[in-house]
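Peer 1: Encoded as structure tokens, here's the structure I'll be asking about.
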Amino acid sequence: MSDKLVRIELSTDEAACLNNALRREVQAAERQRGQPAWIAVDEYIRRLEACIQAVTKAFEKATRQ
């Protein structure tokens, strides 16, 4: 996977929806820990959590202005 940055524009409502969806995906992935089919679940969760942080930061910045 590449570490190139991707910029997207979302409304605050869309950012909130994305944040919620990412959190639900983390919860679903956490339930898969220990399953043989999910070898890299910890890395997947780490990347999802990084996405949540980025969306949260952007959302907070947008709502302060």
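Peer 1: Do you know which residues across region 51-65 are over 15 Å from residue 19 (Cα atoms) and in a helix (DSSP H, G or I)?
Peer 2: If the condition is that a residue be over 15 Å from residue 19 (Cα atoms) and in a helix (DSSP H, G or I), then 64 is the only one that fits.
Residues are listed down the side, and each one gets a yes or a no for (1) of a type outside the set (S, T, N, Q); (2) open to solvent by less than 90 Å² (accessible area, probe 1.4 Å); (3) touching a Phe, Trp or Tyr at 6+ places or on another chain (Cβ under 7 Å):
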residue	(1), (2), (3)
17	yes, yes, no
26	yes, yes, no
29	yes, yes, yes
33	yes, no, no
37	yes, no, no
43	yes, yes, no
48	yes, yes, no
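To keep it simple, each residue is scored yes or no on (1) modelled with pLDDT of 90 or more; (2) in contact with a strand residue (DSSP E or B) (Cβ under 6 Å, 6 or more places away or on another chain); (3) assigned to a helix (DSSP H, G or I); (4) among the aliphatic types (A, V, I, L, M).
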residue: 5; (1), (2), (3), (4): no, no, no, yes
residue: 10; (1), (2), (3), (4): yes, no, no, yes
residue: 16; (1), (2), (3), (4): yes, no, yes, yes
residue: 25; (1), (2), (3), (4): yes, no, yes, no
residue: 29; (1), (2), (3), (4): yes, no, yes, yes
residue: 39; (1), (2), (3), (4): no, no, no, yes
residue: 45; (1), (2), (3), (4): yes, no, yes, yes
residue: 49; (1), (2), (3), (4): yes, no, yes, no
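Peer 1: Output the qualifying pairs, or none if there are none: Cβ atoms under 8 angstrom, residues six or more apart or on different chains, first residue in region 27-38 and farther than 13 Å from residue 49 by Cβ, second residue part of a loop (DSSP other than H, G, I, E, B) and open to solvent by less than 80 Å² (accessible area, probe 1.4 Å).
Peer 2: The qualifying pairs are 38/32.
Peer 1: Against the definition (within 17 Å of the chain's Cα centre (by Cα), of a type in the set (A, V, I, L, M) and within 17 Å of residue 5 (Cβ to Cβ)), how does residue 28 come out, yes or no?
Peer 2: For residue 28, the condition - within 17 Å of the chain's Cα centre (by Cα), of a type in the set (A, V, I, L, M) and within 17 Å of residue 5 (Cβ to Cβ) - is not met.
The values are calculated or read from the model by the stated rules, or taken from the named source; none is laboratory data. Computed from a predicted model, the values in this text were never measured in an experiment. Glycine gets a Cβ as well: all are built from the backbone with ideal geometry, and neighbour counts include every protein chain shown. Accessible surface areas use protein heavy atoms only, side chains included; no ligands, DNA or RNA. Shrake-Rupley method; radii C 1.70, N 1.55, O 1.52, S 1.80 Å.
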